[in-house]
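Structure, as structure tokens:
Every read-out reported here was derived from the displayed coordinates using simple, explicitly stated rules and does not represent laboratory data. None of these values were measured; they are calculated from a predicted model. In this analysis, Cβ positions are derived from the backbone assuming ideal geometry, glycine residues included, and neighbour counts consider all displayed protein chains.
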Amino acid sequence: MWSMGFALKITGFVVAAGVAAGGVYEIARVYSVKSLKETIGTKLESGEYVAAIAAYDALEKAAPKEAVAERKNLATAQRLLAAEEDLNRALRAAERAEWADVRALLRESEAIRNAAFARHREAQELYNQAEAYAAGERHEAVVELEGLKGEATSEKAKRAQAEEKGSALQNALLQKEKELGTRERELTEVKRRADDTKAQLEAEEARTRELAAQVEKEVKQKFFTELKTYRDLAQKGREQLDNAVVEIQAKRDVTALVYISQGKILFEEAKNKTNDLRSNRTPSAYQSKVDDLARAFTEFLEASKQLRNAVVYIEEQGSAEFASGLNKGKTALANAASYLAGVSEFIVGNQ
């Protein structure tokens, strides 16, 4: 039978634990939201657009209402990420001396139109270089055209002389030449259109592959960010239970219960989110490690239950009930730590 003093201690713990847990959680949430907002702005200014988008996604999950105010920064990050891709493709085209492609890629791109783009100066210089090469090519074309005009005039004079002689054979040859020239131009135009179509298809296929690779990379990055967050919550909860064991052995029941309660709150919330991650956002190759994290939370919750049982008999530390609760709690805690260590090694190996 519990003493009246122990009952009063339990009542005080319930009030204190509720206030402490609620306050700690709210402070942690507000700090996290503020940090994510600052990260979005910082990464956007430094040109780390994928990181800015990832921070926004995290903010949207943590605080959807707060994320509304950051949608403009999200849109900016998406546009500038596309501009960075345009610039990278233009640089590869420049390495192949394909200056017409460089101009086409950059002419309407945010890379040269938006001064906020981190590599704006580099993009503008590359575009100016492409324009200079294009101007040189146009000049060569004009010179070649003038030469062709001169040749045409000479040929025209020759044909006039032939016509003056009234040669029927010459007239027939000229007609045949005209027909052959028309046919050649038609064939050349058909080939040009076919080459253009092929080039466009190849460019679209390359773009599709690049976007698919980028999406796969971002999905993997978001997955590990979320998995690490829940792993960190598990570690914080484990610290609470370790502290609770120390307090139990020192016969400080109230503080032991506070630590147990705080750890239990972290474990329950993180376990639910881990299960959601496992069901909806985990690549098949990583599912076993997410399952291990879920098992760790199950063991942590069992440890919380057993340690709470031990607190009930804290004044009777020589009793079988106290020893059973404490030993079972430590065993569950050790099992959870083993699962958690494997998850941590997995995260480190994929950074």
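May I ask for the Kirkwood hydrodynamic radius of the stretch 220-269, worked out over all distinct Cα pairs and given in angstroms to one decimal?
Working: mean 1/r = 0.0866 Å⁻¹.
So the Kirkwood estimate lands at 11.5 Å.
Computed over the Cα atoms of the stretch 263-351, what is the convex hull's projected area averaged over all directions, in nm²? Present the calculation step by step, with values, prior to reporting the outcome.
Values: hull surface 24.9 nm².
For the stretch 263-351, averaging the hull's shadow over all directions gives 6.2 nm².
Whole Å is fine, so just give me how far the alpha carbon centre of the stretch 309-351 lies from that of the stretch 38-80.
39
Please grab the % of Cα pairs in the stretch 176-270 that end up more than 19 Å from each other. Numbers along the way, then the final one.
Working: 3107 of 4465 pairs.
Everything past 19 Å amounts to 70 percent.
For a 29 Å ceiling on Cα separation, which of these pairs sit above it: K72/K236; K220/K330; K65/K271; K72/K264; K34/K330; K34/K228? Intermediate values should be presented prior to the final figure.
Values: K72/K236 35 Å; K220/K330 35 Å; K65/K271 24 Å; K72/K264 38 Å; K34/K330 37 Å; K34/K228 19 Å.
The answer is K72/K236; K220/K330; K72/K264; K34/K330.
Identify, among G237, I248, F223, the residue whose Cα sits farthest towards the positive end of the charge dipole of the stretch 211-288, taking +1 on the Cβ of Lys and Arg and -1 on the Cβ of Asp and Glu, with the dipole about the Cα centre.
F223
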